[in-house]
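To start, the structure itself, in structure tokens.
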Amino acid sequence: MFWTVTQTLLSGLLTTFEIFAFTLLFALPLGLVIAFGSMSKFKPLKWLIHTIVWIIRGTPLMLQLLIIFYGPGMIGWHVWSGNETGRITATVVAFTINYACYFSVIFRGGIEGVPAGQREAGEVLGMTKGQIFRKITLVQMIKRIVPPMSNEIITLVKDTSLARTIAAYELTFTGYSFMKSAGLVWPLFYTGIFYLLFVGILTLIFNYVERRLSYFK
Amino acid sequence: MAILEVNNIEKHFGSTSVLKDVSFSLEEGSALAIIGSSGSGKTTLLRCLNFLETPNGGTIKVKGETLFDASLKQKRKESELRTKRLHFGMVFQSFNLFPQYTALENVTLAEKLLAKERPDFKTAKKEIYDKINRHGEELLAQMGLAERMDHYPHQLSGGQQQRVAIARALALEPDILCFDEPTSALDPELTGEVLKVIRGLADRHTTMIIVTHEMAFARDVADHIIFMDDGVIVEQGAPRDVIDNPKEERTKQFLSRYTQG
């Protein structure tokens, strides 16, 4: 039984990992775009972005997931196929929008946190804007955002369990399913081990990145 | 002929006028010190020369070439702006060293990036980089930092950091080297080593503009003094005239505040 449960949970973990990986893949660049939009000199764009970020950060992720999944169908637009792929895709879309907004705030902090004097020092040395970004500010920005980003990314691992609300067969859902089918509670607790290991590996990666960037202050 | 001619510079931030009709010139190989209280426009003037601020009026000429003319609504193309900037070097009050690079890398970074634009860069990359590194090492040695080349900024004292910043500004061999209160962010015991280096540059007739609060130093090193107050040049001339025998009431008041300490 233990082996059967483990195998089922591993397949759930795979879905969890898919949601996690695709959300990161799309939310990181989108977050950067939103960050630049939120710093735009064009006021209407700036206000629009700030309003969107306020709405996304101001409502529960679970609610956003339900709206993304059921909303289109209610107006007769059936974008999500009823199968597992459709559910995972809807989850990734909802998560990407949500996480991109959180990331954008972190990115903005990272960009604005690099002192203006760094850019000016590059300018007076005749560097181009591109050179200043690539050679001077980028690494400093990355160093600044690693700690807050690691927080968000670890939260993302655990937020994937919300996909259960639209019946995507991720880790928590697979664990929960044994309760309904076989009256077993321990598989649900067992999922905790998987989350811990997942987050443990991420923590090691973040520690490595922080160490690699610790040679300067 | 003067190496630098600044005429009728005006600058305002919103409705606040920061520089009003500022004109002066500078001879090649001479040192100019700009003194005045905080908020008098000294730093803004330096920033205008380095194109970190755009003046609202006036002209800036270096070696007879007009680098800036407010009456021409020129499009500021990045490539042109970069070439113009290279006439000036800038040493900031807060050093602004790049923290992720060693002292030597700080000094050589800009030169290496510029070298990439040379037609022979691809074929002679190693020789070019070697030459740039040697140049950087020489400059740091000249600043008394031969032992500190591979240190990162956070491993250096404030005085050492500012000397790296001076070497970095010298690396591109600017026509005019600008210092924006180079010792104001330093502990008193560290100002001496930086002032000594600047004095050394003056002895070798480096053309310099130094914004400073160190009156004794200004009198010693500068060939010419400008006293600014409230965005205008109140008085200018040789140090013995401006500092020792000021004519204007505002200069006298300012200097008396300083000598009282």
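The values are calculated or read from the model by the stated rules, or taken from the named source; none is laboratory data. All values derive from a computational prediction rather than experimental measurement. In this analysis, Cβ positions are derived from the backbone assuming ideal geometry, glycine residues included, and neighbour counts consider all displayed protein chains. In case anyone asks, the SASA skips ligands and DNA or RNA and just uses the protein heavy atoms, side chains included. Shrake-Rupley method; radii C 1.70, N 1.55, O 1.52, S 1.80 Å.
Assorted remarks:
- Selection status of A:Tyr176, outside any helix (DSSP H, G or I), away from chain B (no Cβ under 14 Å) and of a type outside the set (A, V, I, L, M, F, W, C): no
- Checking the stated criteria, A:Ile97 turns out to be open to solvent by 30 Å² or more (accessible area, probe 1.4 Å), part of a helix (DSSP H, G or I) and more than 9 Å from chain B (Cβ to nearest Cβ).
- Any chance B:Ala165 is surrounded by 21 or more Cβ atoms within 10 Å (Cβ to Cβ), farther than 27 Å from B:Ala238 by Cα and at pLDDT 95 or above: yes
- From B:Leu46, B:Leu97, residue being closer than 28 Å to A:Lys143 by Cβ and surrounded by 15 or more Cβ atoms within 10 Å (Cβ to Cβ): B:Leu97
- Scanning the stretch A:29-44 for residues that are in contact with a Ser or Thr (Cβ under 9 Å, 6 or more places away or on another chain) and surrounded by fewer than 16 Cβ atoms within 10 Å (Cβ to Cβ) gives A:Val33, A:Phe36.
- Qualifying position, being touching a residue at least 60 places away in the same chain (Cβ under 8 Å) and in a strand (DSSP E or B), among B:Val22, B:Val6: B:Val22
Okay, residues lined up against (1) open to solvent by 60 Å² or more (accessible area, probe 1.4 Å); (2) free of Cβ contacts under 8 Å to residues at least 40 places away in the same chain:
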{"site": "A:Ser150", "(1), (2)": "no, no"}
{"site": "A:Arg164", "(1), (2)": "yes, yes"}
{"site": "A:Met179", "(1), (2)": "yes, yes"}
{"site": "A:Leu188", "(1), (2)": "no, yes"}
{"site": "A:Ile201", "(1), (2)": "yes, yes"}
{"site": "A:Tyr215", "(1), (2)": "yes, yes"}
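- B:Phe227 vs. criteria crowded, with 18+ Cβ neighbours inside 10 Å, away from chain A (no Cβ under 14 Å) and closer than 28 Å to B:Gln253 by Cα: yes
- Wholly within the stretch B:79-188, helices (runs of 4 or more DSSP H) carrying at least 2 residues that are touching a helix residue (DSSP H, G or I) at 6+ places or on another chain (Cβ under 7 Å) and more than 14 Å from chain A (Cβ to nearest Cβ): B:125-142, B:158-171
- Candidate set: the stretch B:4-40, residues that are closer than 21 Å to B:Val221 by Cβ, open to solvent by less than 60 Å² (accessible area, probe 1.4 Å) and out of contact with any strand residue (DSSP E or B) (no Cβ under 6 Å at 6 or more places or on another chain); chosen: the one modelled with the lowest pLDDT: B:Ser37
- Among residues that are open to solvent by less than 80 Å² (accessible area, probe 1.4 Å), under 30 Å from A:Ser177 (Cβ atoms), among the polar types (S, T, N, Q) and in contact (Cβ under 8 Å) with a residue 60 or more places away in the chain, A:Ser11 is included.
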